[in-house]
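The values are calculated or read from the model by the stated rules, or taken from the named source; none is laboratory data. Not measured: the values here are computed from a predicted model. Counting neighbours? That spans all protein chains shown, and the Cβs are built from the backbone with ideal geometry, glycine included. SASA here: full protein model, heavy atoms, side chains in, ligands and nucleic acids out. Shrake-Rupley method; radii C 1.70, N 1.55, O 1.52, S 1.80 Å.
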Amino acid sequence: MTSSLPAPAATDRPGEEGNGRRTRVHAVCAPPYGRNPGMSTVDLGLARVAEHLGPDVDVRCWRLWDDGEWRKPAGRTRVVGPALVNDVDSGLDYSLVRGREDELADCDVLLYWGDFHHMAPYQRSTVEVLTSELAAPLDPIEAAAVARRVLLQEGADADLRSRTLSYGTTLSLNAAEDYRGDYGDLLGGFVRGARQVWFRDPYSAGVAGTLRGDAAGHHGVDAAVLAGVLPHTPGNGALEVFLGRSSVLPEEIALLGRALARETGTDPRWLPWGKGPAFAPIGMQPRFRRGAPPPPRPTRSCRCPSCSTASATPRSS
């Protein structure tokens, strides 16, 4: 599988040689709000694209915040260096942006990868996290300013924007009134100034085309599909089931899978989506066979981390 992302060419930066130097790509990734296999897969898609681009391209991942900084840390990451954390689910390292915005911008390509980065509700939920969840919370005015600078490049010069790509994000939860006022102006400036943007859904791609006033394609895909974790099993007579982020009990998932399989005449199987704890088939056999007795009804609530109820605010892919 290949990515539609272009391989960026290294450019001469002040004080550096252009020949033989690795191209530096700084990728802004979204921090999960709790365990989220979809978001982990999005970032694993970036790792796979980085492998495709080859050894001459150095990709560094960044997050605006990490839930290890929260008043009640989730324990999903571990500190491995100054402002550097390692995610236990994706296995990737992430640099933290706050206080290092100049370092983030010091690259050949600034890439926004997946999730909701440029969407108005995500701006609001980011401010909520920065002001309410962190152990050292930001002032609301400061938090809003950080969100605008990092996610919509408020105040960025033309040079930085010309080095900016955005891939696989979405504007799908925006409301009509969101485009009025400051947010609409910032979004328009970001989309028009970026080297290129590709959104993961037709609505968002249409907004980009309207803002840029061009006929170029702005259709990308959900970056999770670039991870290549789906098994290649066409026509194998199986129904593959994965509800790893659901709050539904594992026994209910098994019942649903078997019922759907009966209707379609297929063999229900748990979809092996990755290997980390975020992807494990919680309390389920990896394969359900037709004719087997149904699993017992649950007598108590499941307390597995992956079965926690997802937040209603847009903090995930």
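What is the spin-label model distance, in nm, from ASP102 to SER247 if the labels are put 7 Å beyond Cα along the C-beta direction?
Each label point is offset 7 Å from its Cα along the Cβ direction, giving 4.5 nm.
Give me the 1.4 Å probe accessible area per residue for the range 106-159, excluding ligands and nucleic acids, in Å².
For the range 106-159, the per-residue accessible area is 35 Å².
Round to the nearest 0.05 the FRET efficiency obtained for ASN86 and ASP139 when R0 = 25 Å and r is the Cβ-Cβ distance.
0.30
Mind checking the full-extension length gain between ARG21 and THR266? Use 0.36 nm per residue of separation minus the Cα-Cα distance, one decimal, nm.
The span from ARG21 to THR266 would gain 82.9 nm if fully extended.
Based on the alpha-carbon gyration tensor of the range 104-253 and its eigenvalue square roots a ≥ b ≥ c, which shape applies: rounded if a/c is under 1.5, prolate if not and a/b is larger than b/c, or oblate?
It is oblate, given that a/c is not under 1.5 and a/b is not larger than b/c.
Just to confirm a number: summing +1 for Lys and Arg and -1 for Asp and Glu over residues other than VAL109 whose beta-carbon lies under 9 angstrom from that of VAL109, what do you get?
Here the count lands on +2.
Working out 0.36 nm times the residue gap between ALA74 and ALA158, then minus their Cα-Cα distance, what length gain in nm do you get to one decimal?
26.4 nm
Let a ≥ b ≥ c be the square roots of the eigenvalues of the Cα gyration tensor of the range 61-155; is it rounded (a/c under 1.5), or, if not, prolate (a/b larger than b/c) or oblate?
oblate
On the accessible surface of the range 23-227, probed at 1.4 Å, how many percent belong to carbon and sulfur atoms?
Of the solvent-accessible surface of the range 23-227, carbon and sulfur hold 52 percent.
Taking 7 Å along the Cα-to-C-beta vector as the label spot, tell me the ASP182-SER132 distance in nanometres, rounded to one decimal.
1.9 nm
Can you give the FRET efficiency to the nearest 0.05 for ASP93 and VAL221, using r as the Cβ-Cβ distance and R₀ = 35 Å?
The pair ASP93/VAL221 has a calculated efficiency of 0.90.
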